[in-house]
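*Asks:* Below is the structure I would like to discuss, written out as structure tokens.
The values are calculated or read from the model by the stated rules, or taken from the named source; none is laboratory data. Small disclaimer: the values here were computed from a predicted structure and weren't measured. Cβ sites come from the backbone with ideal geometry, for glycine too, and all protein chains shown count toward neighbours. Only protein heavy atoms, including side chains, enter the accessible area calculation; ligands, DNA and RNA are left aside. Shrake-Rupley method; radii C 1.70, N 1.55, O 1.52, S 1.80 Å.
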Amino acid sequence: METLANLESFVRSAETGSFSSAARRLALTPAAVSRNVAQLERNLGVRLFQRSTRGLTLSEAGERFLQSVQGGLDSIQGAIADITVNAGQPAGVLRLSAAPGFGMDYLLPLMPGFLEKYPAVVPDWFFDNRPLDLIAGGFDAAVGGGFELPPGMVARELGRIHLIAVASPGFLRGKRRPKDPGGLADLAGVALRSPLHSRVRTPVMRNGAGREMAATQKPVMVVNDPDALCRATLLGLGVGLVAVPHAAPHLHSGALERLLPDWHCDLGPLSLYFASQKLLPGKTRAFVDFVTAAFREQKLAQRLSAGSRTR
């Protein structure tokens, strides 16, 4: 009978494509994962992986074996996780990822309540605007958009990521305001470079009637960070297509004004990413449930949408 450790080392190595990535996920050393897999291969009498300097590739036998054992391993670990959740308080270090601006403005304020309820959990936050490989990075959960969903991960939508056109009152003074997104090309703009492919984005905006139009800008500055985009817009450098979570407090204070109030760009879902629910340890399940409940109770999805009431 194979040990659970050997089977888990094999399955996680197959999912991540390397012993090092599997080791981070399992909280083991790469050498220990490699030994577990080697022992499994010896016991079965077959080679499960083709090893090279580029990483691991499943052999034909390895592919068949993965399909046979993966579901059963998930069920066993799900049962263990369920017992752990119901037997005691969630505990341990919880590795989390989020975009800096959104994370600090909307997620960190939730932490006092979370820690009061789960004092044995230690959130370890990593703030970065770039989409990450959550499994390879050893993260328990992440909040953001644009993540590729690797095997074994799920996404729970919290809201939508909307961009709106904003500018400072000083910049707008004496200027004619555009009537539609095409008019943004007549004004100086601050543009955002995509962190994925380094190209300047030209978002497509939509109005309440469903009409779509490209928001072509005349950049006087290009940045690669949404927080920098908002700050440059606040400084009066030009019109910025800023995400509602970044713009909202400045719209309420009057430091920014919204142009084209009937138009916005929908970049897709803002989601909470985490491992398949069958595998969730207590600390991760507690975080997922807490954040989801907070978004619902505080109506954060509505507050962060382009249709929210702003000045």
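*Asks:* Quick one: putting +1 on the C-beta of Lys and Arg, -1 on the C-beta of Asp and Glu, what dipole do you get for the chain around its Cα centre, in Debye to the nearest 20?
*Replies:* In total the dipole reaches around 920 debye.
*Asks:* Just to be sure I understand, if you calculate Cα extents along the principal axes in Å for this structure, which of [x] 79, 44, 33; [y] 57, 47, 38; [z] 56, 42, 40 do you get?
*Replies:* Among [x] 79, 44, 33; [y] 57, 47, 38; [z] 56, 42, 40, the one calculated here is [x].
*Asks:* Determine how large the accessible area of PHE65 is when every protein chain is in place; take a 1.4 Å probe and give Å² rounded to the nearest 10.
*Replies:* In the full protein context, PHE65 sits at about 50 Å².
*Asks:* Considering only protein heavy atoms and a 1.4 Å probe, what is the carbon-and-sulfur percentage of the accessible area of the chain?
*Replies:* After summing per-atom areas, the C and S share lands at 53 percent.
*Asks:* Treating only the Cβ atoms of Lys and Arg (+1) and Asp and Glu (-1) as charged, compute the dipole magnitude of region 119-192 about its Cα centre; round to the nearest 20 debye.
*Replies:* It works out to roughly 740 debye.
*Asks:* Which cross-chain or sequence-distant (5 or more) residues have an amide H under 5 Å from the amide H of LEU94, H modelled 1.01 Å from N in plane?
*Replies:* Under 5 Å from the amide H of LEU94: VAL122, ASP124.
*Asks:* A further question on this structure: Can you run phi through the Karplus equation (6.51, -1.76, 1.60; θ = phi - 60°) for region 249-265 and list ³J(HN,Hα) in whole Hz, with x for Gly and Pro?
*Replies:* These are the phi-based 3J(HN,Hα) values: x, 7, 5, 5, 7, x, 6, 10, 10, 8, 9, 6, x, 8, 10, 7, 10 Hz.
*Asks:* Moving on to the next point. Give me, ordered by chain and number, the residues 5 or more places off GLY236 or on other chains with an amide H under 5 Å from its own placed amide H.
*Replies:* SER168
*Asks:* Taking θ as phi - 60°, what are the ³J(HN,Hα) couplings along region 238-243 by the Karplus curve (6.51, -1.76, 1.60), each to the nearest whole Hz, with x for Gly and Pro?
*Replies:* Running phi through 6.51 cos²θ - 1.76 cosθ + 1.60 with θ = phi - 60° gives x, 7, x, 8, 10, 5 Hz.
*Asks:* Below 8 Å, C-alpha to C-alpha, sequence gap of six or more: please give me the relative contact order for region 119-243 in percent.
*Replies:* Value for region 119-243: 29 percent.
*Asks:* Work from the charge dipole of the chain (Cβ charges, +1 for Lys and Arg, -1 for Asp and Glu, about the Cα centre) and give the residue of ALA185, LEU7, GLY240 farthest towards its positive end.
*Replies:* The Cα lying farthest towards the positive end belongs to ALA185.
*Asks:* So, one more: Can you classify region 197-273 as rounded, prolate or oblate using the Cα gyration tensor, where a ≥ b ≥ c are the square roots of its eigenvalues, rounded means a/c under 1.5, and otherwise it's prolate if a/b beats b/c and oblate if not?
*Replies:* Rounded.
*Asks:* If packing is taken as the average number of other Cβ atoms within 10 Å across a peptide's residues, how do 152-160, 228-236, 109-117, 9-17 rank, most packed first?
*Replies:* 9-17, 228-236, 152-160, 109-117
*Asks:* Could you go through region 289-296 in sequence order and give the Karplus-derived ³J(HN,Hα) for each residue, using 6.51 cos²θ - 1.76 cosθ + 1.60 with θ = phi - 60°, rounded to whole Hz, and x for Gly and Pro?
*Replies:* Per-residue couplings from phi come out as 5, 5, 5, 4, 5, 5, 4, 6 Hz.
*Asks:* Another question about this same structure. Long-range amide H contacts for ALA155: which residues qualify at under 5 Å (H placed 1.01 Å from N, peptide plane, sequence gap of 5 or more or a different chain)?
*Replies:* Residues meeting the amide H criterion: none.
*Asks:* Divide by every residue of the chain the summed helix terms, -39500 (n - 2.57) for each DSSP H run of at least 4, and state the resulting mean residue ellipticity at 222 nm, rounded to the nearest 500 deg cm²/dmol.
*Replies:* -11500 deg cm²/dmol
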